[in-house]
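Beneath this line is the structure, given in structure tokens, with notes to follow.
The values are calculated or read from the model by the stated rules, or taken from the named source; none is laboratory data. This is a predicted model, so every value here is computed, not measured. Cβ coordinates were reconstructed from backbone atoms using ideal geometry, including for glycine residues, and neighbour counts include every protein chain displayed. Quick note on the areas: whole protein, heavy atoms, side chains included, nothing else; ligands and nucleic acids left out. Shrake-Rupley method; radii C 1.70, N 1.55, O 1.52, S 1.80 Å.
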Amino acid sequence: MEINKLIWDTNFFGFSIGKLNIERNKEIFNIEDFLKKAKKYKLVYVFSDTDLSDFSKLNLVDEKVLFHKEIENKIIDSEIIDYNVKKHDYNQLLNLA
């Protein structure tokens, strides 16, 4: 188990931040080993495919959820065109946005 220091996050937030990836069935998560290695960080992101809720010393603060929707009827509009800097007015596009 290796915690990787996140340089950009550490510099931006002003304290040491690390990241740990745990892949399903690749390694067994050892809470004591993790806590020992995490002492040099103020924050460690733990990304895991497996449920770690049994470890009471960890606080779940975010969970990634993906949503998707199938689109059945695709409408093709011949009046929709790509923006071309040589043909179109940028300010008009900016005002539309």
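The residues of the stretch 13-48 that are in a loop (DSSP other than H, G, I, E, B), open to solvent by 40 Å² or more (accessible area, probe 1.4 Å) and not hydrophobic (A, V, I, L, M, F, W, C), listed by number, are Gly14, Glu23, Arg24, Asn25, Lys26, Glu27, Asn30, Lys39, Lys40, Lys42. If the condition is being within 19 Å of Lys57 (Cα to Cα) and among the aromatic types (Phe, Trp, Tyr), then the stretch 5-46 contributes Phe29, Phe34, Tyr41, Tyr45. Taking the condition touching a Ser or Thr at 6+ places or on another chain (Cβ under 8 Å) and open to solvent by less than 100 Å² (accessible area, probe 1.4 Å), does Thr10 pass? Yes: the conditions hold for Thr10. If the condition is being within 25 Å of the chain's Cα centre (by Cα), at pLDDT below 75 and surrounded by fewer than 10 Cβ atoms within 10 Å (Cβ to Cβ), then the stretch 52-82 contributes Ser53, Asp54, Ser56. Contact map, the stretch 15-42: first residue over 19 Å from Asp54 (Cβ atoms) and among the small types (Gly, Ala, Ser), second residue assigned to a helix (DSSP H, G or I) and at pLDDT 80 or above, Cβ cut-off under 9 Å, separation 6 or more or different chains; pairs are Ser16/Thr10; Gly18/Asp9; Gly18/Thr10; Gly18/Lys37; Gly18/Ala38.
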